[in-house]
Structure formats: C-alpha cells, structure tokens
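Asks: What follows is a single structure, and I will ask about it in a moment.
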Amino acid sequence: METVMNAKRIGQEQFEAFTRECLLDRTKAVDDPIPRNKLKVFSTSTQARAKVSNSSPPSRMTMNSSHACTLAARRGMETLRSYFRHENQACPPALSDGGSLCTGTKNDLLTCLEEVSDAKTETPVTICIVLDGAAIVQMLKPAASKTFEEYAQQIFIPYMSTKLQTVSRLDLVWDTYLADSLKGSTRAKRRQGVRRRVVAAAAIPGNWQNFL
C-alpha cells in the first residue's frame, strides 16, 4: 500500500535525477540503462494456492446410485425411505473413497484429547511399562552397527535394560500383519523398494529410514 501511495513521488524524483545527471550535469550518458524499480505492489503479494483435489471423477456406481435416489424421491417419501433402508453401494461412501478406506491425520486427534485430559510432566510410578516396538526401532538409529546382531546387542537390548531398571515388567508390542486388517490398504501403498530378510548376520541397509 505504501508503494502505491508514493508512486508519483518516486517517479518524480527519478525523473529529476535523470534530467540533472544526463542533460544538465552530463555525468551520465543518455543511453545508460535505467535501473529497474523492484517495488512491491498488489500483484506481487503472496497468494494462497488452492489445493488441487486428487479425487477421481464420480464412478458409474455413484452415478447409478444418485439416479436411483432421484427416481425414488419423485415417487414419494415412502419409496425414498425404503431406498435408504438398504445398502446402495458396495463400500459406504462415508468411510471409503473409491473402494479404499479413508485415512486421516493422527495429529488432529491431539486437539480433542488435550481438552479431556490433563498434561503431566512427570512419569507416574508404575511396575509395568508397555512399549511400541516399531516406534522404538524408528527412534533408535543403528549408529556404528554393521549387522542386525550388533544393532540388537549394542543398541536395542541396552535400551530395554535401562527401562527395566525402573519397572518389574516390560511388554514389547509389535504389529501383526493380518490379511483382513484395516491397515492392509496402507501397507499396500507403502510396499515399495527391495525386500530384505532380517537375520542376525545380515548387513544393515545404508538408509535406515527407507528400510523401515
């Protein structure tokens, strides 16, 4: 806004400077390039980019369902109620997108949980602790370990030992890859790269995060 208000004054000052230097004092040649003004105006302001939806166009099943719903509405309220008593799609549209389960962001749940829980800065006294094995492996980097056996003996097991110093029982929980699990579609999307068999003597991959 300030640039627009002072545009006339800036232009006048530059014109007077050009007249004085090139025509009167002749300290500069008339054909010398004039430096460009890099003034911020409305057109250079940062504009919010609209999010491009990656959703596919309506499927034939959705179109047929909408057509049937329209016909039921025209025939009367009883027909419409009877229509909604039955499943009209193979996958509920409220839970799926094109047959795939809708996913969300887990961090969005923290806002809801913070409203119904009290934050604690100290660990409560307990005799048992339950750890997520996958999260622990993500957290503990291999460092100088060359094989999976060295990783287990030098990093993973010592970390578990430190946790056992304060409790009498430690449970380590891992994911079970069931065939009909809700996580099946997510695993299928992440199933990329070279598959490796984890054995004690096997070498640890160079890129630990990509391997996980």
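Computed from the coordinates by the stated procedures, all read-outs in this text should not be read as laboratory data. Source: prediction; values computed, not measured. Note that we place each Cβ from the backbone using ideal geometry, even for glycine, and neighbour counts take in every protein chain shown.
Asks: Identify, please: which residue in segment 22-33 is within 57 Å of the chain's Cα centre (by Cα) and among the acidic types (Asp, Glu) and is, among those, surrounded by the fewest Cβ atoms within 10 Å (Cβ to Cβ)?
Replies: Across segment 22-33, the extreme among qualifying residues is Asp31.
Asks: Still on this model: Return the residues of segment 88-128 that are under 23 Å from Thr70 (Cα atoms), assigned to a loop (DSSP other than H, G, I, E, B) and in contact (Cβ under 8 Å) with a residue 12 or more places away in the chain; say none if nothing qualifies.
Replies: Selection gives Asn88, Gln89, Ala90, Pro93, Gly98.
Asks: Of the residues that sit in segment 131-164 and are assigned to a loop (DSSP other than H, G, I, E, B) and under 22 Å from Asp175 (Cα atoms), which one is farthest from the chain's Cα centre (by Cα)?
Replies: To start, the set of residues in segment 131-164 that are assigned to a loop (DSSP other than H, G, I, E, B) comprises 140-146.
Next, only the ones that are under 22 Å from Asp175 (Cα atoms) stay: 140-142.
Details: Leu140: 23, Lys141: 23, Pro142: 26 Å.
Ranking the qualifying residues of segment 131-164, first place goes to Pro142.
Asks: Taking Lys141, is it of a type in the set (D, E, K, R) and either touching a Lys or Arg at 6+ places or on another chain (Cβ under 9 Å) or touching a residue at least 60 places away in the same chain (Cβ under 8 Å) (or both)? Please lay out each step first, then the result.
Replies: Values: of a type in the set (D, E, K, R): yes; either touching a Lys or Arg at 6+ places or on another chain (Cβ under 9 Å) or touching a residue at least 60 places away in the same chain (Cβ under 8 Å) (or both): yes.
For Lys141, the condition - of a type in the set (D, E, K, R) and either touching a Lys or Arg at 6+ places or on another chain (Cβ under 9 Å) or touching a residue at least 60 places away in the same chain (Cβ under 8 Å) (or both) - is met.
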